[in-house]
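Data first, discussion second: the structure below is written as structure tokens.
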Amino acid sequence: MKKMILAAVGGATLGLVATTQLAGPVLAQETESNTSVYEQLDLFGDIFERIRSNYVEEVDDRELIEAAINGMLTSLDPHSSYLSPDAAQRMRVSTSGEFGGLGIEVTQEEGWVKVVSPMDGTPAEAAGIQAGDFITAVDGESVLGLTLDEAVTMMRGPVGAEIIVTVVREGEAEPFDVSIIRDTIKLTAVRGRTEGNAVVMRITTFNEQTFPNLRDGMEEQVAEAGGFENIDGIVLDLRNNPGGLLSQAVYVSDAFLDAGEIVSTRGRQAADGDRFNATPGDLAEGKPIVVLINGGSASASEIVAGALQDHRRAIVVGTNSFGKGSVQTVVPLSQDGAMRLTTARYYTPSGRSIQSLGISPDIIVEQPLVRADDDSEEAEDRPQRTEAGLRGALENDSLTEDEIRQIEEDRARAEAAAALREDDYQLAYAIDILKGLNALGPVAGME
């Protein structure tokens, strides 16, 4: 028994020594780390005091601290930032669907302001601002070196006031100025219309109105068409949609999926992850869907496109999307400010992250540039030779008046589709896909 006790004591002693030897370096590292942090904070305080006392002009302490906080956040990634009380209020207003400004979604790249996309029906779109443009100056003042929020603040102002932005665009040899009149931006999150036998739902942003607008708009368009039996399918147009609320992206995806994962988020810790799944019910009642995307489709738009693509519920058409695969959490702070912090990455149902890669369309369709071509116009004006135009051609006497009328209506629809190709080639292509799928009958997985 004595030996057993000794053995036990000896084992405990050895265990204590081993633990001490392992924990010692860890505690030392933590102490060194804390010392380093305190030294850096002392350095910050020293610099802060020197600026207050020695800078060539008097500075505002509050603005100086806010700039330091924002610098810390913006050094992390382009989407993390500090929101002053005014900026936080503007953000809350924008997610509700109405705000003042130019109507562009922007990010920051190498110090310059880059346009993710202009919003439909806004002054920026009317002025010709395009996705991918770089804004280098506002009213002649360079934005280089400013934070994104500072640059955005420069572009805000009284409704009705003119602003001159200097734009650098790929393919243009020199920067050029664009005049824009500020306006109150009232976003209609979803616009619906019918082209031929296709219902086109144009989703411009993901705010609190998006899913209700989509549901009501689809019901209206389908009712006008006389029911689902009279339409070929649905086009979800997400081009130049900069994104918005994650919850709305989940609702829109769920609207067309009966089951399965929509999107998952993964944070720094495993416990920070989340998973969103579809619930039964399909707003399109199994009709085929084509999703249109381009380089201006970002964030929530990419969640919807990725979910429907991975579940083979839709064909994705267009060009590669923007590639914003991160989730920002808005954390309220004291004095009514807020912090927008990137807290997770999101993944499509197949487990792929689209961060910096984007969603690749199933069918790549570029939007051709509209150019005047006198030769082609002359060719279009030239009359086409057909059998009916030949002298002495036999008449077709086998058709009834109803059949002739049906042929004329089909021809009119075909001509309207051809005209749409001139205005919006990508949309026309999407509608042609739906027409082809409908001609084949029920598609696997879309009955």
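The values are calculated or read from the model by the stated rules, or taken from the named source; none is laboratory data. Here the structure is a predicted model, which is why all the values come from computation and not from measurement. Using ideal geometry, Cβ is built from the backbone for each residue, glycine included, and neighbour counts are taken over all protein chains shown. When the accessible area is computed, the model is the full protein with side chains, heavy atoms only, and any ligands, DNA or RNA have been set aside. Shrake-Rupley method; radii C 1.70, N 1.55, O 1.52, S 1.80 Å.
The residue list Q406, Q367, Q355, Q426 contains one member that is modelled with pLDDT of 80 or more, assigned to a helix (DSSP H, G or I) and surrounded by 10 or more Cβ atoms within 10 Å (Cβ to Cβ), which is Q426.
Being modelled with pLDDT of 90 or more, of a type in the set (S, T, N, Q) and closer than 17 Å to I180 by Cβ: is that true of T74 here?
Spelling it out, it is not the case that T74 is modelled with pLDDT of 90 or more, of a type in the set (S, T, N, Q) and closer than 17 Å to I180 by Cβ.
On the given criteria, is V138 over 19 Å from the mean Cα position of the chain (by Cα) and aliphatic (A, V, I, L, M)? Here the answer is yes, as V138 does meet what is asked. Going through (1) closer than 21 Å to L83 by Cα; (2) part of a loop (DSSP other than H, G, I, E, B); (3) of a type outside the set (S, T, Y); (4) open to solvent by less than 60 Å² (accessible area, probe 1.4 Å) one by one, G145 falls short only on (4).
Per-residue answers, yes or no, for (1) of a type outside the set (K, R); (2) part of a strand (DSSP E or B):
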| site | (1), (2) |
| --- | --- |
| N241 | yes, no |
| S247 | yes, no |
| V250 | yes, no |
| S253 | yes, no |
| R266 | no, yes |
| A271 | yes, no |
| F276 | yes, yes |
| P280 | yes, no |
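You will find that of A300, A271, the residue that is of a type in the set (A, V, I, L, M) and buried (at least 16 other Cβ atoms within 10 Å of the Cβ) is A300 and no other. One residue alone among I164, I129 is touching a strand residue (DSSP E or B) at 6+ places or on another chain (Cβ under 8 Å), at pLDDT 90 or above, open to solvent by less than 40 Å² (accessible area, probe 1.4 Å) and of a type outside the set (S, T, Y), and that residue is I129. Taking the criterion of being β-branched (V, I, T), out of contact with any Asp or Glu (no Cβ under 7 Å at 6 or more places or on another chain) and open to solvent by 10 Å² or more (accessible area, probe 1.4 Å), the residues of segment 304-332 that qualify are V327, T329, V330, V331.
Among residues of segment 178-195 that are touching a residue at least 40 places away in the same chain (Cβ under 8 Å) and closer than 21 Å to I234 by Cβ, those with a Cβ under 7 angstrom from a residue that is aliphatic (A, V, I, L, M) and assigned to a strand (DSSP E or B), sequence gap 6+ or separate chain, pair up as A189/I203. When F256, F228 are screened for being open to solvent by less than 20 Å² (accessible area, probe 1.4 Å), of a type in the set (F, W, Y) and within 24 Å of R193 (Cβ to Cβ), only F256 passes.
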